[in-house]
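Q: Supplied in structure tokens, the structure appears directly below.
Values quoted throughout were computed directly from the atomic coordinates according to the rules given, and no laboratory measurement underlies them. Please read these numbers as outputs of a predicted model, since none were measured by experiment. Don't worry about glycine lacking a Cβ; one is built from the backbone with ideal geometry, like all the others, and counts go over all protein chains shown.
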Amino acid sequence: MPVPISQMWTVATYVLKQRMQGREHYPLVLMLEPLFRCNLACAGCGKIQYPAHILKTDLSPEECFKAIDECGAPMVSIPGGEPLMHPQIGEIVAGLIARKKYIYLCTNALLLKEKLHLFKPSKYLTFSVHVDGQREHHDFSVCREGGYDIAIEGIKAALEAGFRVTTNTTLFDGADPNSVRAFFDEAMALGVEGMVLSPGYTYDKAPDQKHFLGRARSRRLFRAILSNRKPTWKFNMSPLFLEFLMGKRNYQCTAWGAPAYNLFGWQRPCYLLQDGYVDTYAELVKTTDWSHYGTESGNPKCANCMVSCGYEPTTVHHAFSSFSGLFAMAKATLFSRYRDPGAVKLLEEYNATNEAHASLVQIGSGKVEDMEQTAV
Ligand code: SF4
Ligand code: SF4
């Protein structure tokens with residue numbers, strides 16, 4: 001089981017309590033962004049384009065604690081920016097652990113080895129290491145040669161020191177599902193607790209706008225990747241969310257389930273979109289017109305979104321608030337092979353497309369050489 005029983009129990013009892021209190025909107029995961037600066041500049045990133053004075057600013061530990069105390073979510077994800085660049089990140093994590101919050105500290109791991117001493121292993125703390133696939137693909141994705149090797153070194157060091165570690169992979173158009181499956185083997189062989197997956201979101205501000213996935217393409221890609229699973233693969237995510245990615249289920253966005261708090265306040269409506277800020281979680285819930293968001297809303301900014309901060313809370317709510325949901329989750333956990341001959345064919349098609357693309361590139365470079373020789 002990739003997620004410890006104690007964590008599942010905490011989340012399940014929390015959801016039941018919210019249901020018994022009749023709360024329609026409640027947070028499951030606080031997306032806490034204590035800073036926006038980063039030591040990488042990935043082409044698909046929508047977080048690092050702020051002006052310099054914003055990139056230099058940090059949330060204080062007290063501001064972080066105020067946000068979690070106010071919203072009361074049982075889990076905290078700390079993305080960024082690169083959280084390990086925050087000068088008080090050790091203090092922030094210690095304060096969240098003292099509050100018994102399950103923390104996913106998302107890091108590109110460039111600084112992980114040298115900053116490990118700031119933390120103590122705990123069931124409440126997981127390093128969620130950004131690795132977008134095998135070496136060549138990851139280095140291309142994060143625009144940094146050698147990035148993969150550093151991330152793997154960081155993972156090994158954290159595992160050796162006794163920390164919980166997962167990988168965190170974002171997939172864009174052009175991802176090769178065969179390579180992603182090979183990466184799963186590599187990641188599990190390292191000894192990580194599980195893997196986290198997400199399709200990239202179409203950030204307006206990201207420098208690379210060509211490689212974001214539409215919904216139909218996302219489903220096709222995830223069907224190819226996640227069908228016919230190997231028993232060794234473990235995912236640190238809701239199994240119903242994985243079925244959603246594969247196109248087996250339809251869910252609506254419940255962005256209030258993973259609210260984002262950062263230097264500007266509570267971001268409306270979610271971690272991905274910026275339609276203004278408010279001072280409290282209660283105000284966010286009350287003053288946001290939620291019917292304006294989600295794929296069914298007709299909002300073009302949400303049209304292709306399948307990102308976990310919008311849809312994973314929906315699956316958790318479904319699982320822990322009805323017998324049908326609980327049954328669906330138990331089934332998805334126990335029978336996770338998803339045998340699908342059609343998905344094998346898809347993998348072969350992706351392979352053929354890649355080979356055709358590779359030979360075109362070769363022919364293309366041959367032409368360039370021919371032309372260069374002719375010119376000489
Ligand atoms: S590591 Fe994360 S925060 Fe940093 S540039 Fe890449 S996507 Fe953005
Ligand atoms: S659909 Fe995606 S972008 Fe739109 S509100 Fe939900 S999580 Fe945010």
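Q: What ranking, highest mean first, results for peptides 16-22, 307-313 when packing means the other Cβ atoms within 10 Å averaged over each residue? Walk me through the numbers before you get to the answer.
A: Values: 16-22: 11.3, 307-313: 24.4.
Result, highest mean Cβ count within 10 Å first: 307-313, 16-22.
Q: Then there's this: Over what distance in Å are the Cα centres of segment 163-184 and segment 62-98 separated?
A: What the calculation gives is 26 Å, centre to centre.
Q: Taking K and R as +1 and D and E as -1, what net charge do the other residues with C-beta under 14 Å from the C-beta of L116 add up to?
A: Numbers: positive: K113, K115, K120, K156, R164; negative: E114, E153, E160.
In short, +2.
Q: Take each of the peptides 296-306, 330-340, average the number of other beta-carbon atoms within 10 Å over its residues, and list them starting from the highest.
A: Values: 296-306: 16.3, 330-340: 13.3.
Highest-to-lowest ranking by the protection proxy: 296-306, 330-340.
Q: What does the charge add up to near R217, with Lys and Arg as +1, Asp and Glu as -1, over the other residues with Cβ less than 12 Å from its Cβ? Before the final figure, lay out the partial values.
A: Numbers: positive: R215, R219, R220, R223; negative: D173.
The answer is +3.
Q: Past 19 Å, Cα to Cα: identify those pairs from K47/K156; K248/K331; K66/K100; K47/K123; K17/K123; K156/K230, in the order given.
A: On the way: K47/K156 27 Å; K248/K331 13 Å; K66/K100 15 Å; K47/K123 29 Å; K17/K123 23 Å; K156/K230 22 Å.
With Cα atoms farther than 19 Å apart: K47/K156; K47/K123; K17/K123; K156/K230.
Q: Something else: Return one number: the angle in degrees, 0 to 90 and rounded to the nearest 10, between the long axis of the Cα atoms of helix 89-98 and the longest principal axis of the Cα atoms of the chain.
A: So the helix axis and the longest Cα principal axis differ by about 50 degrees.
Q: Report ³J(HN,Hα) in whole Hz for each residue of segment 167-172, in order, from the Karplus equation J = 6.51 cos²θ - 1.76 cosθ + 1.60 where θ = phi - 60°; Gly and Pro get x.
A: 9, 9, 10, 9, 10, 10
Q: Now for a separate question. Positive end of the dipole of the chain, charges at C-beta (+1 Lys, Arg; -1 Asp, Glu), about the Cα centre: which of A282, L84, C45 has its Cα farthest in that direction?
A: A282
Q: For segment 330-347, take each phi angle, set θ = phi - 60°, evaluate the Karplus expression 6.51 cos²θ - 1.76 cosθ + 1.60, and give the result in whole Hz per residue in order, putting x for glycine and proline.
A: With coefficients 6.51, -1.76 and 1.60, one gets 4, 5, 5, 6, 7, 10, 9, 7, 6, 4, 7, x, x, 6, 5, 4, 4, 4 Hz.
Q: If a/c stays under 1.5 just call it rounded; otherwise compare a/b with b/c (prolate if a/b is bigger, oblate if not). Do that for segment 216-258, with a ≥ b ≥ c from the square roots of the Cα gyration tensor eigenvalues.
A: It is oblate, given that a/c is not under 1.5 and a/b is not larger than b/c.
Q: For the chain, give the magnitude of the charge dipole about the Cα centre (Cβ charges: +1 Lys/Arg, -1 Asp/Glu; no others), in debye to the nearest 20. Mind showing how you got there, number by number?
A: Details: 39 positive and 38 negative charges, 288 e Å.
Using Cβ point charges on Lys, Arg, Asp and Glu, the chain gives about 1380 debye.
Q: Which one, S324, F36, A255, is farthest towards the positive end of the dipole of segment 5-339 when Lys and Arg carry +1 and Asp and Glu -1 on their Cβ?
A: Among S324, F36, A255, the one farthest towards the positive end of the dipole of segment 5-339 is S324.
Q: What does the highest-first list of 315-324, 43-52 look like by mean Cβ count within 10 Å? Kindly include the intermediate steps, with their values, before the conclusion.
A: Details: 315-324: 18.3, 43-52: 16.2.
Packing order, densest peptide first, comes out as 315-324, 43-52.
Q: Cα axis of helix 308-321 to longest principal axis of the chain: angle in degrees, 0 to 90, nearest 10?
A: The angle comes out at about 50 degrees.
Q: Around G80, what is the net charge, scoring Lys/Arg as +1 and Asp/Glu as -1 over all other residues with Cβ under 9 Å from its Cβ?
A: Surrounding charge for G80 is 0.
Q: Another question, if that's okay. Using 0.36 nm per residue of separation minus the Cα-Cα distance, give me the extension gain between T232 and A352 in nm, one decimal. Write down the numbers at each step before the final one.
A: Numbers: separation 120, 0.36 × 120 = 43.20 nm, distance 2.67 nm.
Extra length from T232 to A352 when fully extended: 40.5 nm.
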